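Heads up, the thing below is written out as structure tokens.
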Amino acid sequence: MIYLLIIVALILLWLVYGYNRLVTLRYRADEAMSDVDVQLKRRYDLIPNLVETVKGYVQHERSVLEDVTEARAAVSQGGSPLERDRAENALSGTLKTLFAVAENYPNLKANENFLKLQDELTDTEDKIQASRRFYNSTARDLNTRIKVFPTNIIAGIFGVKAIKFFETTAEAEKEPVAIKF
């Protein structure tokens, strides 16, 4: 009888440990997604200042400014961060175009405000990538834990589902970058 109680107690402890580990990984994934959102919000807030700074210099490049504004508006339309990923990639593309256009304006390139905003956006882009990598590693850990025996039994009992990875959806993002000096 004592052996039976010990076995039952060990099984219960194993279930509790496995469930708690899955919950911890899920919360880490949520935290990582929140980190991505924070960085995307930071970039979203920097863009109007950048557009206003550039506006005075590039009057005849109006379509580039409109594209950035439209891409920013598309991002603000909501949805989960994974669903907004396509709009975020489009916004990144329009910002690259804006910086490419800025290369044609020496006065703009020398503008202190523009340089500061450009540095802040570059820093933010780096943080977005780091946050996405952290999210993907957490998603990998959770998804692996869900699929591996014996934790897959606990995941099945409690209905824990796998989560999606951040992936680059834009083909242009997968292309090598041409560098010209």
Kindly indicate whether any position in the range 114-121 is in contact with a Leu (Cβ under 8 Å, 6 or more places away or on another chain) and aromatic (Phe, Trp, Tyr). yes
Cβ pairs under 9 Å, 6+ apart, first in the range 152-168 and free of Cβ contacts under 8 Å to residues at least 60 places away in the same chain and under 18 Å from residue 136 (Cβ atoms), second among the β-branched types (Val, Ile, Thr) and surrounded by 13 or more Cβ atoms within 10 Å (Cβ to Cβ): 161/146; 162/146
Going through 128, 153, 157, 163 one at a time, which residue ends up being modelled with pLDDT of 80 or more, of a type outside the set (Ser, Thr, Tyr), buried (at least 16 other Cβ atoms within 10 Å of the Cβ) and more than 13 Å from the chain's Cα centre (by Cα)? 163
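Here is a check on your reading of the model: is residue 66 acidic (Asp, Glu), part of a helix (DSSP H, G or I) and either modelled with pLDDT of 80 or more or surrounded by 14 or more Cβ atoms within 10 Å (Cβ to Cβ) (or both)?
Working: acidic (Asp, Glu): yes; part of a helix (DSSP H, G or I): yes; either modelled with pLDDT of 80 or more or surrounded by 14 or more Cβ atoms within 10 Å (Cβ to Cβ) (or both): no.
Answer is no for this residue.
The values are calculated or read from the model by the stated rules, or taken from the named source; none is laboratory data. Predicted model, so just to flag it, every value in this text is computed and none were measured. Positions of Cβ are generated from backbone atoms using ideal geometry, with glycine treated the same way; all protein chains shown enter the neighbour counts.
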